[in-house]
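Since the structure comes first, as structure tokens, the remarks are kept for the end.
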Amino acid sequence: MTTRAPAKLPWSVPLRPEDVPESGRHFDLVADEPTRNAIAAMAGLRALPRFTASFDVSRRGSGLALTGEIAATVEQTCVVTLEPLSNDVHEAVDVVFLPADSIARPPAVEAADVIDPEAADEPEPLVDGMADLGATATEFLLLAVDPYPRKPGAVFEPPAADDSGE
């Protein structure tokens, strides 16, 4: 059996916990045009003319806590009219990164178990001792993009029924 390495996202800004002072560190990141084009292609967007991230990073034990937001302009195709449309995306980011060996595995979820949507997210593992700010921003963008974008006022009209009896 062959194991695959995780897919590499086109925007990478690796950060080691030891590169963050005890007082924390702020990052204002801007994806360049080739990176935006690669993310747009991966996400099935017409274009991604703007993609930024603003993060505050602090030490959390042997890991990192990352808070902030991503902002982007995404160009998509309306699922009703098939016309181009542009949307602004703003998404809050709040992630904790810990060494993989320190993350407790959650117990298996049974079908009868109720999952609390307000519960804190599980920490993400540091990969090779690093958190990747660009990959995190990209993942939050991919989750925030509307998979079925509609132009304002666009309404689906089903085709008229064919009563010709053919």
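The values are calculated or read from the model by the stated rules, or taken from the named source; none is laboratory data. Here the structure is a predicted model, which is why all the values come from computation and not from measurement. FYI the Cβ positions are ideal-geometry reconstructions off the backbone, even for glycines, and counts take in every protein chain you see. Protein only, heavy atoms only, side chains kept; ligands, DNA and RNA dropped before computing areas. Shrake-Rupley method; radii C 1.70, N 1.55, O 1.52, S 1.80 Å.
Given the options 58, 54, 62, 23, name the one that is open to solvent by 70 Å² or more (accessible area, probe 1.4 Å), among the small types (Gly, Ala, Ser) and free of Cβ contacts under 8 Å to residues at least 40 places away in the same chain.
Going through 58, 54, 62, 23 in turn, the sole match is 23.
If you take the residues in region 36-51 that are open to solvent by less than 20 Å² (accessible area, probe 1.4 Å) and assigned to a helix (DSSP H, G or I), which one is farthest from residue 98 (Cα to Cα)?
40
Output the residues belonging to region 35-76 that are within 23 Å of residue 156 (Cβ to Cβ) and modelled with pLDDT of 95 or more.
Answer for region 35-76, where residues must be within 23 Å of residue 156 (Cβ to Cβ) and modelled with pLDDT of 95 or more: 45, 46, 74, 75, 76.
Condition check: under 25 Å from residue 31 (Cα atoms), assigned to a loop (DSSP other than H, G, I, E, B), open to solvent by 80 Å² or more (accessible area, probe 1.4 Å) and modelled with pLDDT under 95. Does residue 147 satisfy that?
Yes: the conditions hold for residue 147.
Report, ordered by the first and then the second residue, all pairs with beta carbons closer than 7 Å, sequence separation of six or more or different chains, a first member in region 28-48 that is farther than 12 Å from residue 137 by Cβ, and a second member that is surrounded by fewer than 11 Cβ atoms within 10 Å (Cβ to Cβ) and of a type outside the set (Gly, Ala, Ser).
The qualifying pairs do not exist here.
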